[in-house]
Each structure stands twice: as C-alpha cells, then as structure tokens.
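Visitor: Pasting a structure below so you can have a look.
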Amino acid sequence: MFCHLNRLHRWLTRWILSLVCVSMVHAQAQWDLMQLDGRDYVSLTSLKAFYNFPSMKREGNNLTLEGKNLIFKLKVGDQEVTLNGVKFICTYPVIESGGKIGISRIDLTKLIDPVLRPSYIPNAGNFRTVVIDAGHGGKDSGAVNAYNTEKAYNLRVAQELKTLLTAKGFKCVMTRSSDIYLTLQERVELANALKESAIFISIHFNAGGRAARGVETFTLSPQGVAHYGQGVKSTDFQARNGNLNDSANVALATAVHSQVIRNIGKENTFDRGIKRARYSVLTGVKHPAILVEGGFMSHPYEARLIENPKYLSAVARGISDAVTLYQKAVSYRKPAATKP
Ligand SMILES: [Zn+2]
C-alpha cells in the first residue's frame, strides 16, 4: 500500500531531468495563436516546437507529446490532461479548429508551463516555514461519517505532517493544534502575519454522493478563471493575494497531489486531478498555497480506508515528501533560456 523510496526517487529524478530537457526551449519558436469564442488557444504544433518535444502522436482524439523524460497527454474535447501521469483539470477543453489542435493560452501559461518549468518561478524555493492548516475544528466538524469526523482526521494528518517536516528541519506553524474553532479569515491572518517566506497547506477530507471517491488538490483560480464548477463572473477578474503565486501554487499542487496518491497507492485511490477554485484560504493567503482533499468519507470503501491510521500516515508522508520535492524543483537553476 505504501510508497517505496526508490519510486519517489525515480519520480523526483524524472521531474528534475525534465527541467533540463524543457529548459532548453527553442529560442526562436513562437506560439501560434488561434482564436475561438473570444479566447486564445496555442496550437499544439507550436507547443511541440517551443518545448522541444521530439514526437507527437495521435490516435483518434488522443494526443501524446513525448520527450526523453516527459510524457504529455491530451484529448480533443476534454479538459483533462496528464503530465508524467499527474492529472490536471484544465479550465477549457482542448479544441480542434481549422485543421489545428489547440490548448487554451491561460491553461498553458497558468497550469502547464509552471509544471514544465518550475525553476522559472522566482525565489519560490527560499522558505523554511510550512503553515499546516487542519481544516474545520471545534463546533465545525466538517464531513461526518459512521466512524469519525473530518476535523479529527485533518488534525491527525496535520500532527503527523508536523513531526515529519520538523525532523527535516522545517519550521511548522499550525493554524490549530487541538479541537478548536477558527474562522477561515483567522487562518488567513495567522499565515499572513508571518514575516518570513512560507508555504501553506490546508488538509481536508471530502464528502459527496456515495459513488464519489479519490484524491483531489485545489489551487487558486488565476484571474479570469472561474471558481470550480461555475461560470466566469465579473469578480473572477479581481486579483487576490493568492494570485501573486499562481505559478508556485500549481507547482506545489503538482508535488502534493502526485506524492499523496503515490503514498496511498494508486490501486487504493482514484485520481480526481488538480483543480482550480476560489476557496477563502487560497484567495487570502499571500504564500504559495494549496488545499488537499485526501479522500471521501462518504464512500463506503474509502471511509474504511481513511479510518485506518496507515492511510492517514500515507497522506501525511505524501505531503511531507512533496514539500521536499517542490523545494528542490523550484530551486533548480538552469541558466539562459527563454520565457514565453
Ligand atoms: Zn473540509
């Protein structure tokens, strides 16, 4: 059920190596822009040239761009894309128009590029503090099932995570260390009062219909991108604190999402992908921030798994592995390449 260090190492090496390969972007390559419904799309052919993918294959609507250490999969008409097996839910589906296939420019710049080139995110690796936010607490139980409350699971993961990160030399700041109630705004203010650079990780478990299951990770929607599951509103164009870190947010989400799933074991969960939302903590916190939903307490099978302390430990270990991985990925420096 649990991760082997060699698997983690392989993933880490592959991600770091992929930076070497894609940081050699083609200096002269330009993005070929197409327009549909008033939105800009980048043609896949120019994306292939820009990131130096040697090959692009098509089978039906499925497209695979393959480099030495990187596999990027997309599907015409679908919002779901994968990068080295990590699933991302784009804001807009991949389109085909006038004989060309395109990915929306906002998805490319705000979601895909920061993952392909995390080392372009300025100063993101310069932190030793991790704010650990155990969701809910006190009078707010969060999800509840026959076994336990979400607030209790969140706190157990948060405490294990603190132990793991402290052992690695990180300073951990807990929004709560016991069963107390805090508003979302109080969590934001606590994180923003810190003088030093930090990252913010909010821990939750999910509830939904009986069939819903799996792990999902949220980062703040960039400006002009809707809150999850809703249409774009005029307020979606306002810049929020969290939008200062759009790129770092996605890189952190990539690390957390992939490592939590790896530690739980792919066979024990379902990958619901990395998604964008305007949850209050993500909107307000000025540090790179993510919110991870570690499984569904409403799903009969997953509820039993979550009740097992080994599952909670796997979630904590996944986040801990991710913090190290993220820091390494964003700190990597390869000189002289072009930004889009
Ligand atoms: Zn929750």
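Just so you know, all these numbers are worked out from the coordinates, no wet-lab data involved. Model, not experiment: these values are computed from the prediction. All Cβ positions, glycine included, derive from the backbone under ideal geometry; neighbour counts span all protein chains shown.
Visitor: Can you show me the helix-derived [θ] at 222 nm for the chain, built from DSSP H runs with n ≥ 4 at -39,500 (n - 2.57) apiece and divided by the number of residues, rounded to the nearest 500.
Guide: Calculated from helices alone, the mean residue ellipticity at 222 nm is -10000 deg cm²/dmol.
Visitor: Under a crude label model (7 Å from the Cα following the beta-carbon direction), how far is residue 64 from residue 140 in nanometres?
Guide: Simple spin-label model gives 4.5 nm for this pair.
Visitor: While we're here: Could you calculate the contour length gain from residue 179 to residue 266, that is, 0.36 nm times the residue separation minus the distance between their Cα atoms, to one decimal place in nm?
Guide: 28.2 nm
Visitor: Rounded, prolate or oblate: which fits the chain, taking a ≥ b ≥ c as square roots of the Cα gyration tensor eigenvalues, rounded meaning a/c under 1.5, else prolate when a/b beats b/c? Mind dumping the intermediate values first?
Guide: Values: a/c = 1.58, a/b = 1.53, b/c = 1.04.
In terms of gyration-tensor shape, prolate.
Visitor: Quick check: the angle from helix 246-264's long axis to the longest principal axis of the chain, C-alpha only, nearest 10 degrees?
Guide: Once rounded, the angle reads 60 degrees.
Visitor: For residue 84 and residue 244, FRET efficiency with R0 = 41 Å and r from the beta-carbon atoms, rounded to 0.05?
Guide: Efficiency, from the Cβ-Cβ distance: 0.90.
Visitor: Here's another thing I want to ask about it. Just want to confirm a number: the relative contact order over region 24-116, from Cα pairs under 8 angstrom separated by 6+ residues, in percent.
Guide: Values: 159 pairs, mean separation 19.6, N = 93.
Relative contact order, region 24-116: 21 percent.
Visitor: What is the extension gain from residue 35 to residue 192, computed as 0.36 nm multiplied by their sequence separation minus the C-alpha to C-alpha distance, in nm to one decimal?
Guide: 52.6 nm
Visitor: Could you grab the relative contact order for the chain? Cα pairs under 8 Å, six or more apart, rounded to a whole percent.
Guide: Values: 695 pairs, mean separation 68.5, N = 340.
The normalised contact order for the chain reaches 20 percent.
Visitor: Output the 0 to 90 degree angle, nearest 10, between the alpha-carbon long axis of helix 5-22 and the longest principal axis computed from the alpha carbons of the chain.
Guide: 30
Visitor: Now a separate question. Which of the listed residues, 123, 77, 111, is farthest toward the dipole's positive end in region 77-143, when Lys, Arg count +1 and Asp, Glu count -1 at the beta-carbon?
Guide: The Cα lying farthest towards the positive end belongs to 123.
Visitor: Compute, for the chain, the length of the dipole vector about the Cα centre, with Cβ point charges of +1 (Lys, Arg) and -1 (Asp, Glu) only. Units Debye, rounded to 20.
Guide: It works out to roughly 760 debye.
Visitor: Rounded to the nearest 5, what is the percent of antiparallel bridges among the DSSP beta bridges in region 129-331?
Guide: Once the DSSP bridges in region 129-331 are tallied, antiparallel ones form about 20 percent.
Visitor: Now, a different point. Tell me the angle of helix 309-331 to the major Cα principal axis of the chain, expressed in degrees between 0 and 90 and rounded to the nearest ten.
Guide: Computed tilt is about 40 degrees.
Visitor: Given 159, 97, 241, which one lies farthest toward the positive end of the charge dipole of the chain, if we put +1 on the Cβ of every Lys and Arg and -1 on the Cβ of every Asp and Glu?
Guide: It is 159.
Visitor: What order do you get for 66-74, 201-209 when each peptide is scored by the mean count of other beta carbon atoms within 10 Å, highest first?
Guide: Packing order, densest peptide first, comes out as 201-209, 66-74.
Visitor: Measuring from label point to label point, each 7 Å out along Cα→Cβ, what is the residue 147 to residue 308 span in nm?
Guide: My value for the distance between the label points is 0.9 nm.
Visitor: Nearest-5 percent of antiparallel DSSP beta bridges in the chain? Before the final figure, lay out each step's value.
Guide: Values: 31 of 55 bridges.
Roughly 55 percent of the DSSP beta bridges within the chain come out antiparallel.
Visitor: Do any trypsin sites (Lys or Arg not before Pro) in region 167-241 lie in a DSSP loop with no more than 16 other beta carbon atoms within 10 Å, and if so, which? Show your work: numbers first, answer last.
Guide: Numbers: sites: 168, 171, 176, 187, 195, 210, 213, 233, 240; in loops: 168, 176, 195, 210, 213, 233, 240.
Counting only loop positions with at most 16 other Cβ atoms within 10 Å, the trypsin sites (Lys or Arg not before Pro) in region 167-241 are 168, 195, 210, 233.
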